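A short worksheet on the structure shown next.
The values are calculated or read from the model by the stated rules, or taken from the named source; none is laboratory data. All of these numbers come straight from a predicted model, not from anything done at the bench. Cβ atoms come from the backbone with ideal geometry, glycine included; neighbour counts cover every protein chain shown.
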Amino acid sequence: MVTPGADGRFGEFGGRFVPETLIPACQELEVAFVDAWADPSFRKELDDVLHEYAGRPSNITECHNLSDQLGIRLILKREDLNHTGSHKINNVIGQTLLAKRMGKKRIVAETGAGQHGVASATAAALMGLECKVYMGAVDVARQELNVFRMKLLGSEVEAVTSGSQTLKDAVNEAMRDWVATVESTHYCLGSVMGPHPYPFMVRQFHRVIGDEAYVQCNDLLGTTPDFVVACVGGGSNAMGIFSGFVDSPARLIGVEPAGGAAVGRGQPGVVHGMKSYLMQDEHGQVAEAHSISAGLDYPGVGPEHSYLASIGRSEYPTVTDDEVISAFQVMSRAEGIIPALECAHAMAWIIREAPKMQGKTVLMNLSGRGDKDVGQMMNILGGV
Amino acid sequence: MSGRLETALRARIDAGGKCLVPYITGGYPGWVESIRACAANGADAVEIGIPFSDPVMDGPIIQQASQVSLDAGTTPISILHEVRTLDVGIPLAVMCYYNTVFHAGEKRFASDLAAAGISAAIVPDLPLEESGPWTAAADEAGIETVMLAAPTAPDERLPRITERARGFVYSVGLLGVTGERSSLAGTATALAARVKNVTTKPVLVGVGVSNAEQAVEASRVADGVIMGASVVRRMIEGGPDAVGAYIREVREALDTAQW
C-alpha cells in the first residue's frame, strides 16, 4: 500500500487543489489524523464503537446457489449488515471521533444515494455533533426515504439545485459551506476522494473491510481469492476491500457504471481538490455522470484508484444499467439478499464474466443493502 | 521587473489613488461591452472569469452567470479569441479554475493567454504548494500569477504567498465564497493589514466587497479592491450600461474619500 508523503500523492495522482482558505484546515486535519491513527487509545475507541455500535466484524457469506449457477465459488463480504446498512459507517465513525478530538462542533457531508448522509447523520447523533447534509435535488427525489431518515436522525438536509443536481454538485456545495465555516466545522467527506489527507484517511478507515476479509478468506479457502470485485463511484468500498489484497496475487476489479466511468473513459483532471481520472469534455469541463445508481453517479474517482489503474494493479470494467437491473433481481432470488444498486454493478460484472472464471474463487464486496432502492426498482420493474 | 498589471496598479497607488478591479464573467451576454464600460469608467484592470462547470469558490450570482455562459457554448478558446480584439487600454487578467489550465497544458495555456494579450491569471483552487508547474510556465510566458491570501493563513505562510505573487496579492475578504454581503467582514481589513505588513506589492481585497462604501472601507487599509458579484449582478440585471454606471460610482467614491 502507498502512504502518500507531504505532497499527498499516489504516484502522479492526488494532491491538494483547494482554495487557499482551506489549506490550513487540510494541514490541521492531516496532522490530527496521523496523530490519532498512531494513538492506541484512539484506535481502541474506534474499534470499540465499530464493534459495539456498528456490528463489526462483518461476516463473509458463501453463495452456494449462485456459485452453482455461475460455475464459480462466490463469497460476499457483508458490509450490508453493518448498522445503517452499508460500509459508509466505518468512515464516518472514524471521522466524527476525529472531529470531536479536534474540538469541532459541527460536520457537513455530501451524499449521493444517501448512504453516506445517513451514516453521517447517525454518527453525528451518536457523538452529539450538529450535522448538515448536502444532496443533489435529483437524488433527493429518487432517495426520499434516506432524506427522511437523515431528518429523523436530527440532521438538516439541503437539496442542491446547481449543475447536474447530483453527487458532484453536492460535493461543491459542501466545500462552499466548509470554506465559510472551516473554523468550527469538519467536512466529513464520504469517499476516498478530495484533497489530501482525505483519500488516504478514508482508505485507512475502510481498510478494516479488506483486513477482515483477508483473514476470513484464509480461514475459509486456505488462500486468497482469485478475484476481488467491488463497485466504484468515488471508490471507498473498493479501496477498503482492495487494501487487504493489494499485496496478494488476487486480481482487483473495480466495476464502474457505463455512464460514470472515470477510469474507463476519463482522462487525468483536477476537481474537488484532487488530481485523478475524470470524465470531462474537450475543454476540461467536468462531464455529468449518468447512472441508475445515485451512489455511483460521479464523474471522478479517488486518486488511489487512478494510481492502481495506472500501474496495472487493478482493472476498471463497466456494466450497463440493464445489466445492473438484471443482477439486482438475480441476486435477490438466488440468495435471498437484496443488494444495493451500487453493489449490483459488481454482481452484474461477475455474472457476465463468469464463463471466463470457471472454477475460480471470487470475493465480492456487498457494500450495502438494497432497501433504499426498492421503491426505485418497483417503478422500473412495475412490480414483480 | 514588474509586469503590466503590477505596473498599472502601482501607477494608481503612486499617484495617491486606490485600485479598482472589477470581475466580469466571460461569455455572458454583453460581457465584452461590460469590459469596455469598466475601462471607460475608471477601472484599473479587469478580471475576466472563464466559466467552469464546478466553481467551488463562487456563490450563487457568479455560478448563475457561469452556467448561462456555458449553456451558450462558451469555451476558454472562444473567450480568448474575443479578448484578442479588445483594446481597452488597461491590463486584463483571467480568473479560471485549475482544470482549465491543466487540461490545456500549463505551457500551452500560458502561451495562449499571452497571445490573447492577457497580462495575468488568478487560479483560486491552485494553492502555493501545487502552483509550481503553472507558475513556471506563466513566468516564462510573461503572465503574472496573482496569489490569494486567506484569513485562515498563519503568519508564517503569508510571506511565502506574497513572495510568489505577481501583479498584486489577492487578500480574501472573508471566510466564504464570492457574493454580496450587507457589510464588510471584519476579517477583510484585518487580513489586508497583515498582508501589507509583509509585502510591498499591491494588496487588493476581494470576495465580499459589495458596494462603494465597502470598497472605501476596505481601501482604508488595502491598496484597492476586486469587485465581483455586485458587478456581475448589474450585468445580469442591467447590462453594460448598468456596469459602467456602477464602476463610475465606486471610482468616484474611491477618488473623493478622505484617506
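Table: residues versus (1) more than 14 Å from chain B (Cβ to nearest Cβ); (2) in contact with a His (Cβ under 9 Å, 6 or more places away or on another chain); (3) polar (S, T, N, Q); (4) without any contact (Cβ under 8 Å) to a residue 24 or more places away in the chain.
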residue	(1), (2), (3), (4)
A:Gln280	no, yes, yes, yes
A:Gly284	no, yes, no, yes
A:Pro299	no, no, no, no
A:Ala309	yes, no, no, no
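When the criteria are applied in full, A:Gly259 fails the requirement of being assigned to a loop (DSSP other than H, G, I, E, B) and out of contact with any strand residue (DSSP E or B) (no Cβ under 6 Å at 6 or more places or on another chain).
Considering B:Pro91, B:Pro151, B:Pro133, the condition of being surrounded by 22 or more Cβ atoms within 10 Å (Cβ to Cβ) and in contact with an Asp or Glu (Cβ under 9 Å, 6 or more places away or on another chain) is satisfied by B:Pro91 alone. For A:Glu183, the requirement of being outside any helix (DSSP H, G or I), acidic (Asp, Glu) and within 17 Å of the chain's Cα centre (by Cα) is not met.
Yes/no per residue for (1) of a type in the set (Ser, Thr, Tyr); (2) crowded, with 24+ Cβ neighbours inside 10 Å; (3) in the same structural domain as A:Val255 (by TED's automatic domain parsing); (4) out of contact with any Phe, Trp or Tyr (no Cβ under 7 Å at 6 or more places or on another chain):
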site: A:His345; (1), (2), (3), (4): no, yes, yes, yes
site: A:Glu353; (1), (2), (3), (4): no, no, yes, yes
site: A:Met357; (1), (2), (3), (4): no, no, yes, no
site: A:Val362; (1), (2), (3), (4): no, yes, yes, no
site: A:Ser367; (1), (2), (3), (4): yes, yes, yes, yes
site: A:Asp371; (1), (2), (3), (4): no, no, yes, yes
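Taking the conditions exactly as written (under 14 Å from the mean Cα position of the chain (by Cα) and either surrounded by fewer than 19 Cβ atoms within 10 Å (Cβ to Cβ) or within 14 Å of chain A (Cβ to nearest Cβ) (or both)), does B:Asp58 satisfy them or not? Against the criterion (under 14 Å from the mean Cα position of the chain (by Cα) and either surrounded by fewer than 19 Cβ atoms within 10 Å (Cβ to Cβ) or within 14 Å of chain A (Cβ to nearest Cβ) (or both)), B:Asp58 qualifies. Only residues that are outside any loop (DSSP other than H, G, I, E, B) and within 12 Å of chain A (Cβ to nearest Cβ) were counted in segment B:62-93, giving 13.
Of all residues in segment A:176-215, those being free of Cβ contacts under 8 Å to residues at least 24 places away in the same chain and either over 30 Å from B:Pro60 (Cβ atoms) or surrounded by 24 or more Cβ atoms within 10 Å (Cβ to Cβ) (or both) number 2. Sort out which residues of segment A:316-341 are surrounded by 17 or more Cβ atoms within 10 Å (Cβ to Cβ) and outside any helix (DSSP H, G or I), and write them in order of number. Correct list: A:Tyr316, A:Pro317, A:Thr318, A:Val319, A:Ile337, A:Ile338, A:Pro339, A:Ala340.
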